[in-house]
Amino acid sequence: MVFTPLKGCKCTLCDLNIPTVKAISPFNPEADATTLKDAMKGFGCNNEEITKILGNRTANQRHDIEEAFKSLYGRDLIDELKSELGGNFERLVIALMHPWPQFCARVIKKACKGIGTDETGIVDILCTATNCEIKLIKEAYQEMDGDELEDDLKKELSGDFQNLIVAVCQAARHEDEPQNIERAKEDAQKLLEAGELVLGTDESVFTAVLVRNSYAQLKAVQAAYKEASEKSLEEAIETELSGYILYAAKTIRK
């Protein structure tokens, strides 16, 4: 699986594609595949060699190594790594073998499988992602087995928490929006009227403010809320929300 930037996207990830690990040159995927095979021979496993190879190759180069391994030995590299490694090191290495969007999609798929749902895992990925990253995750999720991410989330989640996560999935945050103090005051007043000024809570208002505004604008909303109330916005969120929607709201606000 090779990372493919989102067509037409101007974010750093897609437009500039600035890597934290740069492609080595010259690059010989067959030689790397052989080194990995030797590192997994016999009793035990040479974790240092595996780290040296996989930790110093780009995602696309790791993909080439995976293909070379299969053509040389007729075995799947990821399966071999799973059988030889264990614990956190295994999880880290297997994560390295998947481009970031595919890895996130797999984590969410796993969070939705079986009895119960890993809501915190879903929040940790989607509520910290940019619009572009969410779109890439949705594409990767659909490519896995044809399922739509939003459809699966609607099946697994419920209530106000479901509404917030589905809203996040629309990738509609106004990311480049500058601070607008007057609108921040309006949003702060809406939050007050949806929470501490009334009996009960209108969670949809909290969702709209937290999911649509840029992070710069959210800071302005926080300041405006503090001016209008004795509480901070963080304290209001803690008081008015609960459960997984509270966890999601706090994750977004960070």
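The values are calculated or read from the model by the stated rules, or taken from the named source; none is laboratory data. Everything quoted here is computed from the prediction, not taken from an experiment. Cβ placement follows ideal geometry from the backbone for every residue including glycine, while neighbour counts extend to all protein chains displayed. Side chains are part of the model used for accessible areas, which takes the heavy atoms of the whole protein and leaves out ligands, DNA and RNA. Shrake-Rupley method; radii C 1.70, N 1.55, O 1.52, S 1.80 Å.
Structural remarks
- Each helix, a run of at least 4 DSSP H residues, gives -39500 (n - 2.57); summed and divided by the residues of the chain, these come to -19500 deg cm²/dmol at 222 nm.
- Couplings 3J(HN,Hα) of the range 42-53, computed from phi: x, 7, x, 8, 7, 4, 5, 5, 5, 5, 4, 7 Hz, in residue order, whole Hz [Karplus 6.51 cos²θ - 1.76 cosθ + 1.60, θ = phi - 60°; x for Gly and Pro].
- Using a probe radius of 1.4 angstrom, the carbon and sulfur fraction of the accessible surface of the chain is 49%.
- The string of couplings for the range 241-254 from the Karplus curve (6.51, -1.76, 1.60, θ = phi - 60°) is 10, 8, x, 6, 5, 5, 4, 5, 4, 5, 5, 5, 5, 5 Hz, one whole number per residue in order, with x for Gly and Pro.
- Computed label-point distance, nm, for sites residue 251 and residue 52 using a 7 Å Cα→Cβ extension: 3.8
- Potential extension, residue 215-residue 183 segment - 0.36 nm per residue separation minus Cα distance: 10.1 nm
- Remark: the residue 113-residue 148 segment gains 11.2 nm on full extension, using 0.36 nm per residue and subtracting the alpha carbon distance.
- The phi-based Karplus calculation (6.51 cos²θ - 1.76 cosθ + 1.60; θ = phi - 60°) puts the 3J(HN,Hα) values of the range 76-82 at 7, 4, 5, 4, 5, 5, 4 Hz, whole numbers, x for Gly and Pro.
- Of (1) 1.06; (2) 1.23; (3) 1.01, the label for Cα Rg over 2.2 N^0.38 Å derived from the coordinates: (2)
- Solvent-accessible surface of the range 187-254, taken per residue with a 1.4 Å probe and all protein chains present: 50 Å².
- Heavy-atom accessible area per residue - the range 57-136, 1.4 Å, Å²: 47
- Measuring nothing but how far apart in sequence close Cα pairs (under 8 Å, 6+ apart) lie, relative to its length, the range 127-254 scores a relative contact order of 27 percent.
- Separation in nanometres of the label points that stand 7 Å from Cα toward Cβ, at residue 25 and residue 239: 6.0
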